[in-house]
Structures are given as C-alpha cells and as structure tokens.
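One structure below.
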Amino acid sequence: MAFGQQSGPPASSQQLQELLELLEQAGHSSFRDARGPMGFTQRQAGGRFTRDEAQAFIDELIAAEDAKVVPPAPKLSVVRPPEVEAALRELSDQVLATELRRRGWSVTRD
C-alpha cells in the first residue's frame, strides 16, 4: 500500500456528514481545523476516511459528548460589606479553620 492511502473501504457520505456535525458541535469548523486536536492524518484532514476510521472518530466524539463535564463557572470577585469584613477579622484562626473543615476543606498552617 502506498503512503497515505486508505486501508479499507471509504467512509459513506452519511458517516462523513455525521462526523463533520459532531466536530462542529465540538467547536471545530472543518476536518482540517480539527486535525491537531483530533489527531487526524493529512489524508483525514482532507476529509478522506475509511469506514472504520470514521466510525471510530464518531464513537469517540459521542463518548466525549456524553461524558462532558460542565465547565467551572467563571470566578467572580467577592464584594463583602464592611461590616462582614470586620466580623471576619474578629474570628480566630481556629474558628475559621473549624468552619472550613466542616464544609469539606482541608486546612493547613504555613
């Protein structure tokens, strides 16, 4: 087999369309755009897949979509009223550490 040649029957147009739709849902604009992140070969980046290759990538994208973790919310700056700031300053380190542990945090002393 020559370099870069497919090693099986070509993917169907339905497979290619499904793969492209899944790639677009994942944030890619084309096969070429997804080449690096998906690990496509140059041939695959040109939209040429075997049936088995296309199905493997379809399965991978569906599995990743099903297991998608909700991205963490953006960090917001906390604005506390001055009276809350003053009350927190009056609490001892021990009281603050105990409350954090109660909430599931791990507390160490530097």
Legend entry - Some residue of the stretch 37-57 being surrounded by 12 or more Cβ atoms within 10 Å (Cβ to Cβ), assigned to a loop (DSSP other than H, G, I, E, B), among the polar types (S, T, N, Q) and modelled with pLDDT of 90 or more: yes
Inset, instruction - Scan the stretch 17-36 for residues that are more than 16 Å from the chain's Cα centre (by Cα), surrounded by 16 or more Cβ atoms within 10 Å (Cβ to Cβ) and outside any helix (DSSP H, G or I) and jot them down. - result: 31
Inset, instruction - For the stretch 59-80, indicate whether the set of residues that are closer than 30 Å to residue 36 by Cα, modelled with pLDDT of 80 or more, of a type in the set (Gly, Ala, Ser) and surrounded by 10 or more Cβ atoms within 10 Å (Cβ to Cβ) is non-empty. - result: yes
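The values are calculated or read from the model by the stated rules, or taken from the named source; none is laboratory data. Computed from a prediction, not measured in an experiment: that's the story for all the values here. Note that each Cβ is placed from the backbone with ideal geometry, even for glycine, and that neighbours are counted across all protein chains shown.
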